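No value in this document is a laboratory result; all are computed from the given coordinates. Model, not experiment: these values are computed from the prediction. Here the Cβ positions follow ideal geometry from the backbone for every residue, glycine too, while neighbour counts run over all protein chains shown.
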Amino acid sequence: MQGVSTRKVRAITEELCGTGFSKSTISALCSALDPAVEAFRNRHLEKWYPFARVDATFTKVREEGQVRSKGLLVALGVNEEGNREVLGFRCEDSESEAGWTIFFNSLKDRGLSEVDLVISDSHKGLVQAMRKCFQGAAWQRCQTHFSKNVLDVCPKKLKPELHEALRNMYGADDYKTAVLIRDHIDGRFLESAPKAVEALKEGFEDVIAVLSLPLPLRRWFRTTNGLECVNEELRRREWVIRIFPNDQSLYRLMGALPMEIHEE
């Protein structure tokens, strides 16, 4: 069982399934799960995926006698038929450019190509790796994360008004209208919330990239929300285990969830 006790596996199955299992059943489940997870992680991506959401969730893994924080990088794609698929996941030491580059290249080696739009937060290493690995793809900065970044540097009493103004900008019919709303925000908040205005200017082009899409598609690709749901479930499992004894145990117990979501 490569370091994962039946007690820990039983704990997570009871938490997720509402019932307990015997030690022999747990052992059988684990022996069957490992090859299934590996096959899913390494499967060939046969379809065209024009849209991809990427994000990471962090957990603790014991390595060489020390507990280290590691990221589980996850990619969720939308194929040419409009269906969501979990493209892959990978354990890395951090959200560095090197870690994301390895992950993105592994997806490309499995067949991912001609990505039109990547949706993510603004983590520097992620964005740099994305631009290197998916040259020609546009980047949509998650509007939910961006609003939080802007509002974090805005005086409290002005946050409701600025938040509403940002929502109006996101809902603009076209690029020209979005620019007009941005300029209005600039004039309204330049003196009272200069840091917020500066943050808006810095991220404006990336946060409204989705306006290049047809109107019915914009609401689906303006944020990483579809992937946040996956991360919430991953964190639920991580909470039960607390510290994974090794990378393989992380893949085993966290990897089954992306497989399940993929099938659904």
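Before moving on, here are some points about what is shown:
- Applying the criterion of being touching a Ser or Thr at 6+ places or on another chain (Cβ under 8 Å) and either of a type in the set (A, V, I, L, M, F, W, C) or within 25 Å of Ala39 (Cβ to Cβ) (or both) to the residues of the stretch 207-234, the residue that is surrounded by the fewest Cβ atoms within 10 Å (Cβ to Cβ) is Asn231.
- Filter result (aliphatic (A, V, I, L, M) and assigned to a helix (DSSP H, G or I)) within the stretch 142-168: Val150, Leu151, Leu158, Leu162, Ala165, Leu166
- Comparison of Ala172, Ala165 shows that the only residue that is farther than 24 Å from Ala138 by Cα and either acidic (Asp, Glu) or surrounded by 14 or more Cβ atoms within 10 Å (Cβ to Cβ) (or both) is Ala165.
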